[in-house]
1. Only one of (1) under 15 Å from the mean Cα position of the chain (by Cα); (2) touching a residue at least 40 places away in the same chain (Cβ under 8 Å); (3) over 24 Å from Ile210 (Cα atoms) is not met by Thr143, so which one is it?
2. Output the residues belonging to region 93-149 that are surrounded by 12 or more Cβ atoms within 10 Å (Cβ to Cβ) and acidic (Asp, Glu).
3. Residues being at pLDDT 95 or above and of a type in the set (A, V, I, L, M): count how many of those fall in region 11-35.
4. Of all residues in region 193-217, which are at pLDDT below 80, surrounded by 13 or more Cβ atoms within 10 Å (Cβ to Cβ) and of a type in the set (A, V, I, L, M, F, W, C)?
5. Quick one: how many residues across region 1-27 are in a loop (DSSP other than H, G, I, E, B) and of a type outside the set (S, T, N, Q)?
6. Name, by its number, the condition in (1) under 17 Å from Cys91 (Cβ atoms); (2) surrounded by 13 or more Cβ atoms within 10 Å (Cβ to Cβ) that does not hold for Ala176.
7. Considering region 1-22 alone, what residues qualify as being surrounded by fewer than 19 Cβ atoms within 10 Å (Cβ to Cβ), touching an Asp or Glu at 6+ places or on another chain (Cβ under 7 Å) and closer than 19 Å to Val121 by Cβ?
Amino acid sequence: MSGPITVVLADEHALVREALAQWLRTTPDIRVVAHAANGDEAAAAVTHHKPAVVVLGVDMPGRDCFSVARTVRSVSPGTKVIFLSALAQDCHIEQALAVRAAGFLTKGNSPAALAAAIRGVNAGQVHFSPEVQARIVIDSRGTRLVGAPTRCAKLSARELEVLRHITRGLTRKQIAQAMCLSADTVHGHTANLMKKLKLHSRVALTRFAIREGLVTI
């Protein structure tokens, strides 16, 4: 008989983490092996524990959750990713699908729904909350959003990460340090953001990111 499903639980809100972890402790087939409060901690925990499943809060500080998901695929290919968000926003669903997430739940779902999702993705299934299912279609071409792609779909993963840092008020030098890039490379990503989105200032980029729900304020 195999052991319990190992889980890393990452969310920016301590109350959410603790409440979910406490509930999951009542399920003998699931074991939370680590908590994380931000993207960097989540990536480190997955690297160390190689869990069966990682649950990533969408709005964590530090490295954005979608960048963390790409790291998970690299350092622990067997780990399945479930995103947890306050809202089922198209831009977040789109990015989750782009990084091949196995699940996406909203925080309005019950802890029992999260446990069911963990079991499902561990068994090789995909698991989306009803709010997310209403926004996607799954067919022979894969899983995709219903309707036209959002403006975020034009952006690369690096550009989205730069955009989030800009919105949090980081300077070009600070973004370069955070992303381990040169300042010139960050400048190039910023220029591409402005060109693709037809916006012409950091203020306009910030307003766009907040309006699209890419960051919280």
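The values are calculated or read from the model by the stated rules, or taken from the named source; none is laboratory data. Since this is a predicted model, take the numbers as computed values, not measurements. Every residue, glycine as well, gets a Cβ built from its backbone with ideal geometry; the counts of neighbours run over all protein chains shown.
1. (1)
2. Glu94, Glu131
3. Residues meeting the conditions: 4.
4. Answer for region 193-217, where residues must be at pLDDT below 80, surrounded by 13 or more Cβ atoms within 10 Å (Cβ to Cβ) and of a type in the set (A, V, I, L, M, F, W, C): Leu214, Val215.
5. From region 1-27, those in a loop (DSSP other than H, G, I, E, B) are 1-4, 11-13, 25-27; that's our starting set.
This time we only want the ones that are of a type outside the set (S, T, N, Q), so: 1, 3-4, 11-13, 25.
Of the residues in region 1-27, 7 are in a loop (DSSP other than H, G, I, E, B) and of a type outside the set (S, T, N, Q).
6. Looking at each condition in turn, Ala176 falls short on (1).
7. Pro4
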